[in-house]
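A short write-up of the structure that comes next.
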Amino acid sequence: MRSPAARYLAALTAIWLAASIMAVETHAEFEIAASEFSGRVSLEGRAFPQTGIDASQRSYTTGFVVEPKLYLEEAGGSSFTLLPFFRYDSVDSVRTHWDLREAYALLYGELGEGEWEVRLGVDRVFWGVAESQHLIDIINQIDFLEHPNGEVKLGQPMVHATWTGDWGTLEFFGLPYHRPRIYPGRRGRLRFAGLVDRERVEYESGAEEWHPDFAARYSHSFGPLDIGVSVFDGTSREATLVCAPPACGGSVFPYVFIPYYSQIRQFGLDAQLTLDSWLLKFEAIHRSGERNPLGREEGIRTALIQGRGFEGILGQYREEEYVAAVVGGEYTFYSVFGSTADVGLLAEWNYDERGRRALPRRQPMTLDNDFFVGVRLGFNDVNSTEITAAFLTDASRETRNLGVEFDRRLFDQWSLHVAANLILSIDPLDVQYVGRRDGFYELHLEYNF
Amino acid sequence: MRINRAYSWALALLAPCLILLFWLGMPPIARPATPEEIGLKIAIESRARDDGFGNFTAKQAMVLRNKQGQESRRQLRVKVLEVAGDGDKSLMVFDEPRDVKGTALLTHAHKQEADDQWLYLPALKRVKRISSSNKSGSFMGSEFSYEDLSPPEVEKFTYRYLRDEPCGDLTCTVSERFPVDKKASGYSRQVVWQDKDELRTWKVEYYDRKDAHLKTLTIGKYRQYLDKYWRAGEMNMVNHLTGKSTVLSWADYQFRTKLKKRDFSKTGLKRAR
């Protein structure tokens, strides 16, 4: 059986053949009017003050990132973007990985009173307004190896068509291929107790990773109000981790879980009201089709003892339907105390209908009834110095996280990023309790060209 | 005859009275205009001379200098679309410093209500609606604030004409302007020098909220485009409080390009590079 990485390569080749044929058909004489080469190289280090819960995990890691970008533009405005990514990690061979973040052709033109735009290839798409989590954002798989906060995403092959008019923006996404989430390897941190199988990936759909997923979004600005409604129908970006023998549930540690991707449907709503220095934000989803083992431990244990296989164990999982939301805001004090600095205050409340049975989505923490409070201090100096602090606390449990970041440009092309991710306390009843020893510090020295 | 004579006498007496009444009835025409009226008239006229440019693109380079003479550079591209009956739409794309390359700022300016602004962050591919009330904040660490760089909409100030005085080879009118929204602006007033021939702005003095002379902007290297529209080639802002300065140079002005309204939408913002 070929590995998912090899299958992804084959998939990309197929899509690129189709894309190239289309490009040649529509733009027989493609003449480059503008080209640009840019990118970044980053030297990075991470330190975990506590040892991992598994003795094979390391407490220090160093590495680097290379992310060049090529942009070609044709006289008519059509363009092609190529943005590969490579990460080297000194400790975890799985975290040493590459990805095609972007590789797409962009075409656009007039359509009646409005315009059409098509992006064909691998791209990244961001939806949403909130800061503590990106609830409605669903097009791309996250690059969990890069950072557990879910901000970094894997490239997603897609056909993305946009129709814009005075009435708003309507977008359609055809997503022909699913990218599984990749979890850190044996020596890596932030993987918690177990490992996740990279060879065996299970899908609810018989078409497996080739199941055609669809998404659509309508968005518009009404004066100070920006609003969006979205729908996604297809393969979940979050894996249900299944513990099935022999790799899991026996006496060999660490356990290796099998990732299972359900077919889900998600409706999303996002809104932001911008009034003077206030930003008021709201995001909500309704999701159905995902499997959840929480609350079914008895049945799962019985199935394990009875020696039933993967299907038997998965059969014990509850298929669920739930609503989740983020509501909050941001207020900025500009030019405080006669200085050039700005101080932004952020507060958000995260809700999940499932309560204690909530599973993590885009980040390894459950956000069922959690308050987020943040401060952003922007100095607006020549070096763009910025300090942010974010505090996340579970209103019903003893789980508290604190993140502090410092960013500053050192010279014209060099910049520094220092961050601390501290776990202040964690409730033993929390799903993320297994990550209790994974607080860390990191430092990036970045060169931009 | 007698009657006629008497009539003409009456007419001779009445005529000046009628003229006087007529004169009082239409004060703006004949009564000497107040300094406020002259100031407003100059502002309206300057704005009117820029009407009809359609759209333009240009490149901006900034050199930021601190008191010790250390320099830092910024580079960006600007696209501006004229909107009939409302403020302009503009798109700024940053090229340097390299860590913010590709970041873009879309502004839909309005004459009366607050401007709409969206920021595009290329690393996350995220479009973020931002507050436009940050008028007084520094633009990219430079001595220019956002309000210094946005075209002065007539409605956003009240005016007072001060005097005429020679400026170089030209004669300039000197006027004061006061922000209508005093909370949003970082200034209590600005003093503006404009030449009487073309109404080009050559110098602006900025007074902070305590009415201390904060900054002076000198503008030069004017060039005329399409035989009508004057655009500056260089703007030098000096901060008297900190001793820092920023020189903003404009280059590659192109008028009436293919730019359309759609390039100034949120979808267009994501395409900016």
* What translational diffusion coefficient, in µm²/s and rounded to a whole number, does the Stokes-Einstein relation yield for the range A:363-408 at 10 °C and a viscosity of 1.306 mPa s, taking the hydrodynamic radius as the Kirkwood radius over Cα pairs? -> 132 µm²/s
* Using only the Cα atoms, work out Rg/Rh for the range A:4-448, with Rh taken as the Kirkwood radius, to two decimals. => 0.96
* To do: Sort A:HIS160, B:HIS110 so that the residue with the fewest other Cβ atoms within 10 Å of its own Cβ comes first and the one with the most comes last.
  => B:HIS110, A:HIS160
* Based on the Kirkwood radius over alpha-carbon pairs, what value in µm²/s does the Stokes-Einstein equation return for the translational diffusion coefficient of the range A:93-235 at 37 °C and 0.692 mPa s? -> 192 µm²/s
* Using a Gaussian network model of chain A with C-alpha springs under 10 Å, which one of A:ASN380, A:ASN140, A:ASN292 is most mobile by mean-square fluctuation? -> A:ASN380
* Structure fact -> Taking R0 as 25 Å and r as the Cβ-Cβ distance between A:HIS147 and A:TRP278, the FRET efficiency 1/(1 + (r/R0)^6), rounded to the nearest 0.05, comes to 0.30
* To do: Quick one: what are the phi-derived ³J(HN,Hα) couplings along the range A:271-282, Karplus 6.51/-1.76/1.60 with θ = phi - 60°, whole Hz, x for glycine and proline?
  => 8, 9, 10, 10, 10, 6, 8, 9, 10, 10, 10, 8
* Asked: Each label point is 7 Å from the Cα along the Cα-to-Cβ direction; what then is the distance between the points at A:TYR218 and A:MET22, in nm?
  -> 2.4 nm
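Quick one: compute the contact order of chain A, relative version, from alpha carbon pairs under 8 angstrom and 6+ residues apart, as a percent.
That works out to 12 percent.
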* Structure fact -> Phi-derived 3J(HN,Hα) across the range A:112-120 with the Karplus relation (6.51, -1.76, 1.60, θ = phi - 60°), rounded Hz, x for Gly and Pro, is x, 7, x, 8, 10, 9, 10, 10, 10
* Structure fact -> With label points set 7 Å from each Cα along the Cα-to-Cβ direction at A:VAL231 and A:GLN50, the distance between them in nm comes to 4.5 nm
* Which whole-Hz ³J(HN,Hα) couplings does the range A:78-86 yield from phi under the Karplus relation 6.51 cos²θ - 1.76 cosθ + 1.60, θ = phi - 60°, glycine and proline marked x? -> 5, 9, 10, 10, 10, 9, x, 9, 9
* Asked: To the nearest whole number, what is the average tally of beta carbon atoms from other chains within 10 Å of the beta carbons of peptide B:258-266?
  -> 4
* What chymotrypsin sites (Phe, Trp or Tyr not before Pro) does the range A:130-195 have in DSSP loop regions with at most 14 other beta carbons within 10 Å? -> A:TRP167
* Asked: Average partner chain C-beta neighbours within 10 Å, per residue of A:37-46?
  -> 1
* Structure fact -> Quick shape summary for the range B:43-271, equivalent ellipsoid via Cα gyration tensor, semi-axes whole Å in descending order, reads 27, 21, 18
* Asked: Amide H neighbours of B:GLY54 under 5 Å, counting only residues 5+ apart in sequence or on other chains, H built in-plane at 1.01 Å?
  -> B:GLU82
* Average beta carbon contacts from partner chains per residue of A:376-385, 10 Å cutoff -> 4
* Please report the relative contact order for chain B, taking Cα pairs under 8 Å with a sequence separation of at least 6, and give it as a percent rounded to a whole number. => 18 percent
* Asked: Measuring from centroid to centroid over Cα atoms, what is the spacing of the range A:399-440 and the range A:336-367 in Å?
  -> 14 Å
* Label point distance in nm, A:VAL434-A:GLU321, each placed 7 Å from Cα along Cα→Cβ -> 3.0 nm
* Asked: Mean separation of Cα pairs under 8 Å and 6+ residues apart, divided by the residue count of the range B:56-210: what relative contact order is that in percent?
  -> 11 percent
* Asked: Semi-axes of the range B:137-216's equivalent ellipsoid from the Cα gyration tensor, sqrt of 5 times each eigenvalue, largest first, rounded to whole Å?
  -> 22, 14, 12
* Any idea what the dipole of chain B comes to, in debye rounded to 20, about its Cα centre with Lys/Arg Cβ at +1 and Asp/Glu Cβ at -1? -> 1040 debye
* Cross-link partners of B:LYS67 among aspartates and glutamates (Cα-Cα below 16 Å; sequence separation of 8 or more within a chain) -> A:ASP381, B:GLU143
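Read the figures in this text as sums done on the coordinates, not as results from a lab. These figures come from a predicted structure and were not determined experimentally. Positions of Cβ are backbone-derived with ideal geometry, glycine not excepted, and every protein chain shown enters the neighbour counts.
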